[in-house]
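To start, the structure itself, in structure tokens.
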Amino acid sequence: MPLNDHRRQIAENLVWAVTGKVVTLMGSLLVGIIVARYLGPERYGLMNYVISYVFLFQTFAAFGLDNIEIREESKRPEDTKKIMGTSLAIRYALALLTLLAIAITTWTFEADAYTALLIAIYSSSLLVNPFNVIRNNFLARVQNEYVVKSEISRTLLGMAIKFSLLWLGCGLTWFVVASTFDWVLLASGYILSYRRKVGRIRDWQFSREEARFLTKESFPLLLTSAAVIVYQRIDQVMIDNFIGHESVGYFSVASRMVEVLIYVPMMLAQTISPVLTSIRKRDEAEYRKKAQLFMNVSLWTSGVLATIVSLMAYWVVMLLFGEQYLPAVIVLQVMSFKAMSVALSNTAGTMLVVEGLQRYAIFRDLFGCIVCITLNYLLLPRYGIVAAACVAILSNVSAGYIADAFIPAYRHLFRHQTKALLFGWKDLIHIKTLLKK
């Protein structure tokens with residue numbers, strides 16, 4: 001492919017990725033607001049507890065295969081059908097084992113029969129998630145368009161279904177069923193796109209040798225993904241167990257708004273990554289300078305936005321979610337600054353990928369996981385959901401900043417981050433120079 005065509009394809013894929021993310025994020029936020037107001041804190045909290053509970057297990061069903069599939073299909077396009085068929089088989093075997101684990105833990109630890117029923121309903125989504133192999137195939141082909149179209153269709157159809165349930169006055173069970181059906185819609189979109197643009201699923205092949213290779217390659221990523229998921233999702237499960245469904249509802253409302261804030265540093269990281277890679281190839285000193293600027297701008301832009309949201313938290317919660325969710329105000333005031341901790345972690349994460357140092361990332365994530373579980377266990381019963389908001393920030397800081405000081409290969413990142421914290425605010429006026437190669 002000619003260089004100009006390659007650059008155009010990358011640019012088009014970036015546009016599709018941004019479009020898809022914005023539509024999905026805004027659609028999810030809109031539905032979340034309306035459903036939260038309709039269900040009320042207790043039932044909305046129960047729904048989010050169920051989703052978080054199942055989400056803790058989803059990582060094991062995926063087994064870290066996503067990035068490995070994309071890498072191998074890019075390197076060995078002639079083996080794509082074998083990779084996809086083998087991956088699908090592995091994913092289904094793991095999905096069945098994960099469903100068994102969910103059933104055992106729910107039966108052992110969950111006393112409430114209705115909650116157990118909702119968990120059983122939502123966990124059935126694991127049976128369609130294996131078709132993410134199609135998503136990974138399109139990403140390996142650099143054809144984000146078909147992935148994004150499937151995700152946008154899922155979002156719009158899912159919104160229509162949930163609005164219909166609101167109009168009909170349906171109960172919580174139906175909203176959990178609708179959330180489960182979202183995954184069916186997404187898998188259906190992937191399958192239809194693949195059949196129209198690529199070929200038949202029946203042509204995929206299974207290989208024992210490929211299965212051993214993919215399992216071996218994916219296992220380290222499973223550990224990293226599991227640690228990240230635990231310290232990003234365990235808080236809502238622990239809140240429910242220590243305090244109750246209603247508190248999960250308040251915490252979930254604040255989390256919804258913070259997701260929008262976090263999108264800013266994540267998008268900036270995606271945009272700047274190829275620029276940093278290009279600069280590093282020709283000039284290490286210039287790369288260090290640009291990387292520091294990237295970190296400074298990302299951190300303090302997030303800080304400014306977090307401060308604005310924190311100051312406006314009362315009006316944000318009151319106008320969007322209503323008076324019944326006012327206890328979420330103080331959580332949002334604290335949690336908005338999670339955007340800064342994510343920016344600090346993500347910018348360092350972008351640098352370690354550019355520098356090929358991601359093999360040590362598991363130690364960062366495990367540290368964050370330990371901090372999250374320990375502090376929530378100690379502080380939640382005494383200080384409530386405000387403690388969970390503080391722990392969410394401390395977990396990110398621990399994994400994405402403090403841990404870097406103790407990993408020799410990451411100490412230069414720790415120095416960059418410390419400079420950003422102390423002096424980075426000075427570079428906010430230089431944001432225009434960030435994207436120049």
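The values are calculated or read from the model by the stated rules, or taken from the named source; none is laboratory data. Just so you know, these numbers come straight off a predicted model, no measurement behind them. Note: ideal-geometry Cβ built from the backbone for every residue, glycine included; neighbour counts use all protein chains shown. All accessible areas refer to the heavy atoms of the entire protein, side chains included, with ligands and DNA or RNA removed. Shrake-Rupley method; radii C 1.70, N 1.55, O 1.52, S 1.80 Å.
Here ALA93 and TYR383 are evaluated by their C-beta separation; at R0 = 41 Å the FRET efficiency comes out at 0.45.
Computed over the stretch 331-394, the P(r) curve from all C-alpha pair distances, binned at 10 Å from the origin, holds 20, 42, 28, 9, 1 percent per bin. Taking all protein chains together and rolling a 1.4 Å probe, ASP240 ends up with roughly 20 Å² accessible. For the stretch 143-165, the residues whose amide N sits under 18 Å from a probe point set 7 Å from the Cα of ILE34 along the beta carbon direction are 152-165. CYS170 contributes an accessible area of around 30 Å² to the protein surface, as traced by a 1.4 Å probe with all chains present. With 0.36 nm allotted per residue and the present C-alpha distance subtracted, the LEU192-ARG71 stretch has 41.2 nm of extension available. Per residue, the chain exposes an accessible area of 47 Å² to a 1.4 Å probe, with every protein chain left in place.
About its Cα centre, the dipole of the stretch 327-415 is roughly 100 debye, where the only charges are +1 on Lys and Arg Cβ and -1 on Asp and Glu Cβ. Taking 0.36 nm per residue of separation and subtracting the current Cα-Cα distance, fully stretching the chain between GLU110 and ARG141 would add 6.8 nm. Take the Cβ atoms of GLU323 and SER124, set R0 to 45 Å, and the FRET efficiency comes out at 0.80. Between LEU311 and ASN241, the simple label model (points 7 Å from Cα in the Cβ direction) yields a spacing of 4.0 nm.
Taking one quarter of the surface of the convex hull spanned by the alpha-carbon atoms of the stretch 139-274 gives a direction-averaged projected area of 12.3 nm².
Please grab the % of Cα pairs in the stretch 151-195 that end up more than 17 Å from each other. Within the stretch 151-195, distances greater than 17 Å cover 33 percent of Cα pairs.
When you work out D = kT/(6 pi eta Rh) for the stretch 319-437 at 10 °C and 1.306 mPa s, using the Kirkwood radius from C-alpha pairs as Rh and the Stokes-Einstein form, the result is 99 µm²/s. The figure for MET340 is an accessible area of roughly 40 square angstrom, using a 1.4 Å probe on the protein chains alone.
Across the protein chains, with a 1.4 Å probe defining accessible surface, the residues ASP182, ASP112 rank ASP112, ASP182 from largest area downward.
Surface composition of the stretch 230-343: carbon plus sulfur atoms hold 63% of the accessible area, using a 1.4 angstrom probe and ignoring ligands, DNA and RNA. Calculated mean residue ellipticity, 222 nm, the chain: -28500 deg cm²/dmol, from DSSP H runs (n ≥ 4) at -39500 (n - 2.57) each, averaged per residue and rounded to 500. When HIS245, HIS416 are compared by accessible surface with a 1.4 Å probe, the order from highest to lowest is HIS245, HIS416.
When the Cα convex hull of the stretch 308-348 is projected onto planes of every orientation, the mean area is 2.9 nm².
Any chance you could list P(r) for the chain, counting all Cα-Cα pairs in 10 angstrom bins from zero, rounded to whole %? Spelled out bin by bin, the chain gives 4, 19, 30, 30, 15, 3, 0 percent.
With every protein chain in place and a 1.4 angstrom probe, the accessible-area ranking of ILE134, ILE229, largest first, reads ILE229, ILE134. If the chain linking VAL304 and ARG415 were pulled fully straight, counting 0.36 nm for each residue of separation and taking away their Cα-Cα distance, it would gain 37.7 nm. Counting every alpha-carbon pair across the stretch 239-384, the share separated by more than 24 Å comes to 45%. Taking the convex hull of the alpha carbon positions in the stretch 33-140 and averaging its projected area over all directions gives 7.8 nm².
Taking 7 Å steps out from each Cα toward its Cβ at PHE406 and LEU157 produces label points 4.7 nm apart.
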